[in-house]
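Novice: Okay, handing you the structure first.
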Amino acid sequence: MLFSQWQPAFCWLFPAHFAVKSPLLRRANVRQADSFLERMTPVLSVVCAETRRKNPTINRPIGGECALARGFAIGAMVIGLLLAVSGCSSHEDAGAAHTASQAEAASEDESVNSFVLSSQKQSVAGIQLGEVVEQRLQAQATVPGRVQYDDSRHIEVKIPTAGILLEVRVKPGSRIDEGDVLALVSSPEVGTARADVLKRKVEFDLALQKFEWKDAACNGLKQLVAAVNAGQDPQTVSEDLSALKLGTYRAEIVAAYSRYRLAQSLAAAVAGNGNSGALPGRTIQERLSERDTARAALAAVIEQSLFQATQDRDIARLELTDSDRRLKISRQMVQTLLGSSDPIPAEIDEEQLSLVEIHAPIGGTIESRTFSKRERLKQGDTLFVLANTSQLWVAAEIRELEWRALSLQPGETLKITSPALPGQQLTARLEYVGREVDPQSNAIPLVAVVSNTEGLLRPGQFVWVQLPLGAAYQGLAIPESAVVQHEGQSFLFVPEGENHFRRVNVQTGIQQGNLVEVVTGVKPGMQIVTSGAFALKSEMLLEREE
């Protein structure tokens, strides 16, 4: 740049012509001078060459140029200098001039940061004012998540045994209650197991009846023996104990007791006549012997009957216990096959023992159905997917940048948003935070429970999860729309009188929702522009260019 190289010399020669205060004007004039000299250089070269050709006497180089060319150059520079008013101070005071120019530039920047915007432009830009507020803030991290089924409310209804699907009573989307019949299946294996249950049930009933009869006979025998030992009349004993179940014990004991009573009466009769000598002594001895024999026979019958009755009762109890055990095993077998505590429904026909009703284990919605009517099924095939979606899980991951979220405790509240639900924010409850880092994703799993009674969410749906990081604190906050940036510096605008605005540089902190924390630059209650800041930024930059 020709003029820029010669500028100090011209400033020394003509100091009074270039005392211009505006740096912008000085820079513009320098550019005009340089442009003028660049256009004049080819003309001067032609003039110099032609002059040397016509007048060789002046063809002596002076400083690498001819004197005439030098004169033309000096004249051109003077003309360019007069056209370009470039502010500069004297060459001796160059340092002081540089300091003054910096002060002037700072004053100019300050004047540019403050500007005027008419009411009409403010209305078009939608300028709105607000105050800097102090409120409770908390650092947060927003991480991606997926909606999942609640494991405790999501069940795959599987076929417990091989068979044929006879009937399907539901379809995807059907809402059902717990215990509703979903399908009917015919299973020969289940039919065989149920038939065994019926057999064991009959055996148990028979064993129970036998035990009850043996137990009643044993108890009745004890009452009969008590009456005999009391010496009651045999006929009275028979009449009083006629309602008891005694079986053959009644005849045996009553007969023996009657013979004993007869022998006892005969012995008593001859014993009185023996003193008078009316009966021979042998006859008396025979009667007494018959009495003793009858007593012994009665005692033997009683002992044998009591032993036999007790043993029969114990055997019947053992048979009853064994029958009950076998019945329970049969029921457990059917329960294992069906997963149901009622192996044979009361309303089922014995001719349809192989018919299996597939019941809903929980209330909810049929999410999917796999098989159709008349298809053959294998054990373990999934018939339906049943879920209660009134409550769902939200799964997310905690990585190194969100490591402070590991301090979250079960039961804490998290905020959930979804692109499918613009403007809506859902609340979730933290269920658990994993204990191990997944080596594949290098993250720790997090699961939260979210209510879905309105059915707004679907399993597999993408959501955003806001994780609190650290403790909450009090800070200054302003709307996000109030902060703009230029050349890496964040700033906002404050009103200064009517239609006047001023730029204020700020340092921002965390962002919470649509609010931004302001660390430095503002005070509580300070009036700021909350809407239309971008339009003010554009106006400020336009004025600065001008």
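The values are calculated or read from the model by the stated rules, or taken from the named source; none is laboratory data. Computed from a predicted structure; not experimentally measured. Cβ atoms come from the backbone with ideal geometry, glycine included; neighbour counts cover every protein chain shown.
Novice: Of these, 529, 465, 516, which one is surrounded by 14 or more Cβ atoms within 10 Å (Cβ to Cβ), assigned by TED's automatic domain parsing to the domain that holds residue 391 and not charged (D, E, K, R)? Talk me through it step by step, then tell me what you get.
Specialist: On the way: 529 fails: assigned by TED's automatic domain parsing to the domain that holds residue 391; 516 fails: assigned by TED's automatic domain parsing to the domain that holds residue 391.
Every option except 465 fails the conditions.
Novice: Only residues that are closer than 19 Å to residue 320 by Cα and touching a helix residue (DSSP H, G or I) at 6+ places or on another chain (Cβ under 8 Å): list them for the stretch 214-255, please. Don't jump to the end; show me each part of the working.
Specialist: Keep residues of the stretch 214-255 that are closer than 19 Å to residue 320 by Cα, which gives 214-219.
Listed by number, the residues that qualify are 214, 215, 217, 218.
Novice: Here's a follow-up. If I ask for residues that are part of a strand (DSSP E or B) and touching a residue at least 60 places away in the same chain (Cβ under 8 Å), which ones from the stretch 516-546 would you list?
Specialist: So the first thing to find is which residues in the stretch 516-546 are part of a strand (DSSP E or B), and the list is 516-520, 527-531.
Within the stretch 516-546, 517, 518, 527, 528, 529, 530, 531 qualify.
Novice: Moving on. Are any residues in the stretch 391-433 closer than 20 Å to residue 471 by Cα and among the polar types (S, T, N, Q), and if so, which ones?
Specialist: 407, 409, 413, 427
Novice: Looking only at the stretch 138-153, decide whether some residue is modelled with pLDDT under 90, part of a loop (DSSP other than H, G, I, E, B) and either in contact with a helix residue (DSSP H, G or I) (Cβ under 8 Å, 6 or more places away or on another chain) or not assigned by TED's automatic domain parsing to the domain that holds residue 511 (or both).
Specialist: Looking through the stretch 138-153, none of the residues is modelled with pLDDT under 90, part of a loop (DSSP other than H, G, I, E, B) and either in contact with a helix residue (DSSP H, G or I) (Cβ under 8 Å, 6 or more places away or on another chain) or not assigned by TED's automatic domain parsing to the domain that holds residue 511 (or both).
Novice: Any idea how many residues of the stretch 439-462 are in contact with a strand residue (DSSP E or B) (Cβ under 7 Å, 6 or more places away or on another chain) and either within 13 Å of residue 399 (Cα to Cα) or in the same structural domain as residue 491 (by TED's automatic domain parsing) (or both)?
Specialist: Of the stretch 439-462, the ones in contact with a strand residue (DSSP E or B) (Cβ under 7 Å, 6 or more places away or on another chain) are 441, 443-452, 457-462.
If we keep only those that are either within 13 Å of residue 399 (Cα to Cα) or in the same structural domain as residue 491 (by TED's automatic domain parsing) (or both) too, we end up with 441, 443-446.
Qualifying residue count for the region: 5.
Novice: Looking at the structure I just gave you, is residue 318 within 30 Å of residue 189 (Cα to Cα) and modelled with pLDDT of 90 or more?
Specialist: Spelling it out, it is not the case that residue 318 is within 30 Å of residue 189 (Cα to Cα) and modelled with pLDDT of 90 or more.
Novice: Restricting the stretch 372-422 to residues that are under 21 Å from residue 445 (Cα atoms) and either polar (S, T, N, Q) or outside the structural domain of residue 460 (by TED's automatic domain parsing) (or both), which is surrounded by the most Cβ atoms within 10 Å (Cβ to Cβ)? Break it down stepwise before answering.
Specialist: We begin by selecting, within the stretch 372-422, every residue under 21 Å from residue 445 (Cα atoms); these are 391-418.
In the following step, the residues that additionally are either polar (S, T, N, Q) or outside the structural domain of residue 460 (by TED's automatic domain parsing) (or both) were identified as 391, 407, 409, 413, 417-418.
Values: 391: 15, 407: 12, 409: 8, 413: 11, 417: 17, 418: 19.
Looking at residues that are under 21 Å from residue 445 (Cα atoms) and either polar (S, T, N, Q) or outside the structural domain of residue 460 (by TED's automatic domain parsing) (or both), I get 418.
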